[in-house]
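I have placed the structure first, in the form of structure tokens, so that the comments after it can refer back to it.
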Amino acid sequence: MRDNRKNYLTNIGSQMDFSTNTSVSIHQTKTAALAAGIFADGVLSPAADVIDRACGGAIRDLVKSEFKGKTGSTLVLRNLQGVSAPRIVLVGLGKQSEYSARVHAKAEQAFAAACVQLRVVEATSTLVSIACPESTVQDRARSAGSAATDAAYYYDETMGKPDVDARPKLKKISVWIGKSDQAATEKGLKEGVALGQGVSLARTLGNLPGNICTPTYLGDSAKKLAKQFSSIKVNVLDQKQIAALKMGSFLSVAKGSDQPPKFIVLHYKGKAPAKTASKTSSKQHAKQQGPVVLVGKGITFDSGGVSIKPAATMDEMKFDMCGAASVLGTFQTIAQLGLPLEVIGLIPTCENMVSGRANKPGDVVTSMSGQTIEILNTDAEGRLILCDALTYAERFKPSAVIDIATLTGACVVALGGVNSGLFSKDDALAESLLKAGKQSGDTAWRMPMDDAYQEQLKSNFADMANIGGMPAGSVTAACFLSRFTKAYRWAHLDIAGTAWKGGATKGSTGRPVPLLVQYLLNQA
């Protein structure tokens with residue numbers, strides 16, 4: 001196995017280059033592949049119309065007979081007379097009346113995927129220049145940048161003989177735009193590149209097997225981020241230091257494994273923005289004083305413990321640290337962008353294994369908060385490590401705390417792989433996260449947290465049980481966590497259905513890095 005994984009953090013996304021094209025007429029642009037947007041009702045985008053007139057109406061003829069402009073569909077045209085680009089990629093935009101930022105993002109993804117399939121090194125997109133409701137040029141440029149970076153992602157870290165020829169060749173994406181929009185486009189592309197690199201980091205950490213991506217490996221990955229960015233400071237606490245904090249719930253999960261647990265604390269502090277004359281209400285100002293804290297579940301492998309999981313898909317439990325991976329990916333992005341914010345990252349990380357030392361159903365453990373927990377199911381371990389990290393978060397006097405966890409199969413049943421589950425009793429925080437999800441295309445759905453659900457966590461032998469039974473399993477898991485978050489504004493993202501895909505497309509998705517980054521961009 002190759003050892004260049006240790007250099008991955010400094011190389012991530014470095015292959016992709018981005019630029020803007022404002023001076024050359026679109027039909028005269030020399031590029032290996034040129035995107036032209038087509039609406040489903042036969043309407044050509046302005047750039048597509050220019051290209052069509054230059055080639056004598058060839059595009060309109062195809063739109064009438066063959067290409068229907070379905071959202072995300074593509075068709076490659078080669079060597080059109082009067083057009084400098086050897087390949088024109090028609091990209092479907094759906095109905096013009098329904099065009100939106102979400103559709104634009106899908107179109108950019110389709111074009112980038114087509115470029116990868118065509119094996120071109122560079123390409124030019126005109127899609128950013130197409131106006132759509134509730135979307136700025138900067139927003140659309142960000143989508144273009146992240147789509148191209150995502151399409152160029154590949155994983156071969158654990159291949160004995162990597163197929164170099166199989167790696168995407170796409171190295172550069174140029175965006176054709178008007179001169180007045182150049183500055184906004186460049187800013188959006190910068191954000192998109194940084195976002196794509198953060199997502200790529202999260203994906204690779206998730207894809208690495210559990211025998212490589214251990215708690216120690218995650219700690220080392222965080223330290224590499226600190227070496228790469230001076231704005232990030234990292235402290236990795238070992239087992240003795242965790243014990244000194246009296247994190248008994250966290251350590252109870254770790255004790256079944258030979259891999260030592262780690263508690264990773266990241267601190268990002270960007271440069272403060274220039275002062276403005278605007279004023280906010282004293283209440284809102286108070287909310288913004290403390291840092292945002294991101295808490296990521298870092299179970300690097302989850303066997304289920306004594307309550308062992310079925311064997312068929314247990315290999316996918318290497319993805320049980322995707323919450324931790326999303327925190328590291330988010331820190332990569334915000335540090336690269338230099339956001340003027342203060343953000344804390346907390347990652348409790350360990351394995352959940354079967355051994356003579358492991359937790360048993362019926363055991364009672366004491367959390368850092370002093371509350372006791374009866375462990376009715378050892379496979380409900382994520383909440384046991386998160387609760388101590390959530391208690392630790394109090395010391396930062398945060399403006400908001402967001403935990404991210406592949407927490408429950410019940411959330412997968414409820415929402416599938418489309419939306420992450422969002423739980424919060426703070427309406428303003430919930431709405432800001434939902435908005436960020438819509439803006440980024442990394443959507444979430446708000447779930448209930450009525451007090452009545454808390455009744456399911458009653459225990460005869462401890463302050464609470466770690467499960468509430470099968471009904472509303474994702475809700476009672478969130479209710480459990482809420483008992484450790486009374487001191488601050490809090491939201492929980494259950495990403496069990498969105499953090500990875502199974503089957504033939506098995507692999508980490510990098511979600512919810514886009515949602516988290518967009519939320520922090522909005523705060524900044």
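Could you count how many residues in the stretch 23-34 are hydroxyl-bearing (Ser, Thr, Tyr) and open to solvent by 40 Å² or more (accessible area, probe 1.4 Å)?
Here the count works out to 2.
For the stretch 406-429, which positions are over 19 Å from residue 323 (Cβ atoms) and either open to solvent by less than 30 Å² (accessible area, probe 1.4 Å) or among the basic types (Lys, Arg) (or both)?
425
Name the residues in the stretch 479-488 that are open to solvent by less than 20 Å² (accessible area, probe 1.4 Å) and either within 22 Å of residue 318 (Cα to Cα) or without any contact (Cβ under 8 Å) to a residue 60 or more places away in the chain (or both), would you?
Matches in the stretch 479-488: 479, 482.
Quick check on the stretch 158-194: of everything there that is over 18 Å from residue 147 (Cα atoms) and charged (D, E, K, R), which residue is most open to solvent (accessible area, probe 1.4 Å)?
161
Do you know which residues across the stretch 430-474 are open to solvent by 60 Å² or more (accessible area, probe 1.4 Å), in contact with a strand residue (DSSP E or B) (Cβ under 6 Å, 6 or more places away or on another chain) and not acidic (Asp, Glu)?
Selection gives 446, 461.
Restricting to the stretch 385-405, give me the number of residues that are more than 16 Å from residue 267 (Cα to Cα), open to solvent by 10 Å² or more (accessible area, probe 1.4 Å) and touching a helix residue (DSSP H, G or I) at 6+ places or on another chain (Cβ under 7 Å).
Of the residues in the stretch 385-405, 0 are more than 16 Å from residue 267 (Cα to Cα), open to solvent by 10 Å² or more (accessible area, probe 1.4 Å) and touching a helix residue (DSSP H, G or I) at 6+ places or on another chain (Cβ under 7 Å).
For the stretch 35-49, how many residues meet the condition of being open to solvent by less than 40 Å² (accessible area, probe 1.4 Å), of a type in the set (Gly, Ala, Ser) and free of Cβ contacts under 8 Å to residues at least 60 places away in the same chain?
Selection size over the stretch 35-49: 1.
Residue under question is residue 355, and the condition is that it be over 23 Å from the mean Cα position of the chain (by Cα) and either among the hydroxyl-bearing types (Ser, Thr, Tyr) or open to solvent by less than 10 Å² (accessible area, probe 1.4 Å) (or both); does it hold?
So residue 355 fits the description; yes.
I'm trying to understand the selection: among the residues of the stretch 56-94, which are open to solvent by less than 50 Å² (accessible area, probe 1.4 Å) and assigned to a helix (DSSP H, G or I)?
Residues satisfying the conditions are 58, 59, 62, 63.
Tell me, yes or no, whether the stretch 489-510 has at least one residue that is open to solvent by 10 Å² or more (accessible area, probe 1.4 Å), in a helix (DSSP H, G or I), of a type in the set (Gly, Ala, Ser) and under 30 Å from residue 104 (Cβ atoms).
yes
Has the stretch 446-460 got at least one residue that is within 28 Å of residue 132 (Cα to Cα) and either at pLDDT 95 or above or touching a Leu at 6+ places or on another chain (Cβ under 9 Å) (or both)?
Yes, the conditions are met somewhere in the stretch 446-460.
The values are calculated or read from the model by the stated rules, or taken from the named source; none is laboratory data. None of the values given here were measured: they were computed from a predicted structure. Cβ sites come from the backbone with ideal geometry, for glycine too, and all protein chains shown count toward neighbours. SASA here: full protein model, heavy atoms, side chains in, ligands and nucleic acids out. Shrake-Rupley method; radii C 1.70, N 1.55, O 1.52, S 1.80 Å.
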